[in-house]
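Here's the structure, in structure tokens; my notes come after.
Coordinate-derived values only; no laboratory data. Small disclaimer: the values here were computed from a predicted structure and weren't measured. Cβ: placed from backbone, ideal geometry, glycine included. Neighbour counts: every protein chain shown.
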Amino acid sequence: MKPINIVESIIVPLNRKNVDTDQIISKEFLKRIERTGFGKYLFYHWRHRPDGSRNEDFVLNQPQFENAKVLVAHENFGCGSSREHAPWAIMDYGFQVVIAPSFADIFHNNCFKNGILPIRLTVEEVEELLAKGEQSTYEVKVNLEEQTVAGQDGATYSFEIDPYYKQMLLNGWDEISLTFQYEGHIQNYEKQHA
Amino acid sequence: MAKTIIEKIWDQHIVYEEEGKPDLLYIDLHLIHEVTSPQAFEGLRLAGRKVRRPDLCFATMDHNVPTKNLPVIQDPIAKKQITTLEKNCEEFGIQLAHMEHPDQGIVHIIGPELGLTQPGKTIVCGDSHTSTHGAFGAIAFGIGTSEVEHVLSTQTLWQSKPKTMEIKISGQLGYGVTAKDVILAIIAKFGIDVGTGHIVEYTGEAIRNMTMEERMTICNMSIEAGAKAGLISPDETTINYLRGKRFAPEGAEFDKAAQRWLDLATDAGATYDTVLEIDANEIEPFVTWGTNPSMGTGISKHVPRAEDYASDSDKEALKKALAYMDLEEGAPMTSIAVQHVFIGSCTNARLSDLRSAAKLVEGRKVHPSVTAIVVPGSRTVKQQAEAEGLDRIFIEAGFEWRESGCSMCLAMNDDVVPAGERCASTSNRNFEGRQGAGSRTHLMSPAMAAAAAIEGKFVDVRTLQPAHA
């Protein structure tokens, strides 16, 4: 997993609540057996009209948001299915950070396994960011070490993150290798419960 | 100290704990299906790792499988996913109920059916509806593919201890009100993310009176309220269900296990971080009108209006949902016509679900403007239903009687609702495009879906008597 610390980018304002994983990556794209290549299917049915043409109205299709690395959305982002194809699509598209007032548990967990930083800010802070991002392009510098999001206008937002997951992201650790260090404990548990 | 069942099971499974870290939890049962596992097995191969406990894994094929013209899969990518699972199970020594195996079925239906699902276990699967297994008093939750790989190689997971929540359903259910109506009413009342960060225990008289199949319907949709898992303390109903199941203990061993299982029940006086309560008497047959499972209401009610909501973001969400669903504010629920009916899914495709739908369908005909399918949850359910003649009832009424699988719940196979058309569905999610791009899903119970198939529109099942009373 690639370590992550500082991300500088404009934000993409996705002003929606309860963005579910079916929207992030629709089921017709779950049949692949690889982890890569899902980016072009991200939000497919919002980025495209029913006839398959590009929906220029959708925020991700607007030219000023090309190459953005920070996605900002409303409450309960990533609800629904456990499909890790959702963070794979987000990452493959180029996003490294998702900011929202709250995340669904499984999606939140899946982000940490893939080097995506999910940041919880308050509803008010997220609404402020969404408004700034919708008005004109708004650039931020995300600093995981310092747990801050600093905006181009001098506004700074700080966030909380579980220290274990913070270290995992900063170091790009492979969790399975870490767990192998606890092999003795696992063996003991198995002996006691045989 | 008095403990909840949630704390008891959690504490029994801690392999390692340390301040500032999540707990390392042991996993007793790992269920596997074709969609969320290939990348995990590939990860093992690339790192030269093996499956630590193949004996604690069980695999089946459900998401992609066709429900007619078996065993031909037209879609080459889906076919590759199916053959990949076969190869992976063979290479790593994992038991597999393949497409034509008599045990095949939706992963959350066959686990309980085979007795793999037992009280006190930690159960995971790369599927969010793993919460279903909580009906037995197990901690069962969905995980992503990286965690699937982690469990395959270590049989453990790092998990932060969730908060505990009690949802008490007091009183008794009225005539015609089912477990599906209860869970839809809970999600509508408390919200789609009320359970975030929690494991929910469902309690109360209405729960105690439910069969195991009804309890599974309740726990299945815990994730639709955002909960990590949902469970119910074991009781005699649980024990009676498990006795004689293939993977359950036998003889004296079963009696010993049964005592251990009953002891898991939440102690009197134990407290929860959050307590919610709903009165069973206020619940009527329920139908969703919007694009997430919390957007639902009683069949006697109407589609909400913007003025029913306080916040601008809720008004905006209503507007977006109704535009997608092509519904008017204030429209009576009974005015909504459907073109499709789907009876199936891990929520409602067990034998009792099919029986309750068949009871209404018997002696009637599917409305000429409706295409209706029944997809049993497993091959075993299908066989049992056929033994009772339920298939004949459905077929004579004009339903299609299919092979088992996830089918139209998420439309990964050929069972797709066309764009712009409306489906009365016994499944668990009504997200945009869930049953096919542009499709419109309304969630409800099997009896309500059966009634909609007959009438061509939503109808209060309580007003419809069985044709052969």
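Conditions tested, residue by residue: (1) in a helix (DSSP H, G or I); (2) free of Cβ contacts under 8 Å to residues at least 24 places away in the same chain; (3) touching a His at 6+ places or on another chain (Cβ under 9 Å); (4) facing chain A (nearest Cβ under 9 Å).
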| site | (1), (2), (3), (4) |
| --- | --- |
| B:Ala2 | no, no, no, no |
| B:Asp11 | yes, yes, no, no |
| B:Leu25 | no, no, yes, no |
| B:His30 | no, no, no, no |
| B:Glu42 | yes, yes, no, yes |
| B:His63 | no, no, yes, yes |
| B:Val72 | no, yes, no, no |
Looking at (1) more than 10 Å from chain B (Cβ to nearest Cβ); (2) more than 13 Å from the chain's Cα centre (by Cα); (3) closer than 20 Å to B:Cys409 by Cα, which is the only condition A:Lys2 fails?
(3)
Can you report the number of residues in segment B:443-459 which are buried (at least 24 other Cβ atoms within 10 Å of the Cβ) and either outside any helix (DSSP H, G or I) or facing another protein chain (nearest Cβ under 10 Å) (or both)?
4
Any pair with Cβ under 6 angstrom, 6 or more apart, that starts in segment B:179-205 at a residue that is within 14 Å of chain A (Cβ to nearest Cβ) and ends at one that is surrounded by fewer than 20 Cβ atoms within 10 Å (Cβ to Cβ):
B:Phe190/B:Leu276; B:Gly197/B:Lys163; B:His198/B:Lys163
What are the pairs, 6+ residues apart or on separate chains, where a residue within segment A:80-101 that is facing chain B (nearest Cβ under 9 Å) has its Cβ under 8 Å from a residue that is part of a strand (DSSP E or B)?
A:Gly80/A:Asp20; A:Ser81/A:Asp20; A:Ser81/B:Gly142; A:Ser82/B:Gly142
For residues in segment B:120-159 being aliphatic (A, V, I, L, M) and not in a strand (DSSP E or B), which is farthest from the other protein chains (Cβ to nearest Cβ)?
B:Ala135
Turns out the strands (runs of 3 or more DSSP E) fully within segment A:90-194 with at least 3 residues that are farther than 27 Å from B:Lys163 by Cβ are A:139-143, A:148-151
When both residues are 6+ apart or on different chains and their Cβ atoms are under 8 Å apart, which pairs have a first residue that lies in segment A:154-180 and is facing another protein chain (nearest Cβ under 10 Å) and surrounded by 13 or more Cβ atoms within 10 Å (Cβ to Cβ), and a second that is of a type in the set (Ser, Thr, Tyr) and not in a helix (DSSP H, G or I)?
A:Asp162/B:Ser160; A:Thr179/B:Thr156
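Rundown of residues vs (1) of a type in the set (D, E, K, R); (2) closer than 21 Å to B:Ala138 by Cβ; (3) part of a helix (DSSP H, G or I), yes/no style:
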{"site": "B:Lys168", "(1), (2), (3)": "yes, yes, no"}
{"site": "B:Gln172", "(1), (2), (3)": "no, no, no"}
{"site": "B:Val182", "(1), (2), (3)": "no, yes, yes"}
{"site": "B:Val200", "(1), (2), (3)": "no, yes, no"}
{"site": "B:Met210", "(1), (2), (3)": "no, yes, no"}
{"site": "B:Met216", "(1), (2), (3)": "no, yes, yes"}
{"site": "B:Asn240", "(1), (2), (3)": "no, yes, yes"}
{"site": "B:Ala248", "(1), (2), (3)": "no, yes, no"}
{"site": "B:Ala252", "(1), (2), (3)": "no, no, yes"}
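In segment B:74-90, how many residues are away from every other protein chain (no Cβ under 13 Å) and free of Cβ contacts under 8 Å to residues at least 24 places away in the same chain?
1
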Return the residues of segment B:1-27 that are out of contact with any Asp or Glu (no Cβ under 8 Å at 6 or more places or on another chain) and more than 17 Å from A:Thr179 (Cβ to Cβ); say none if nothing qualifies.
B:Met1, B:Glu7, B:Lys8, B:Ile9, B:Asp11, B:Gln12, B:Glu19
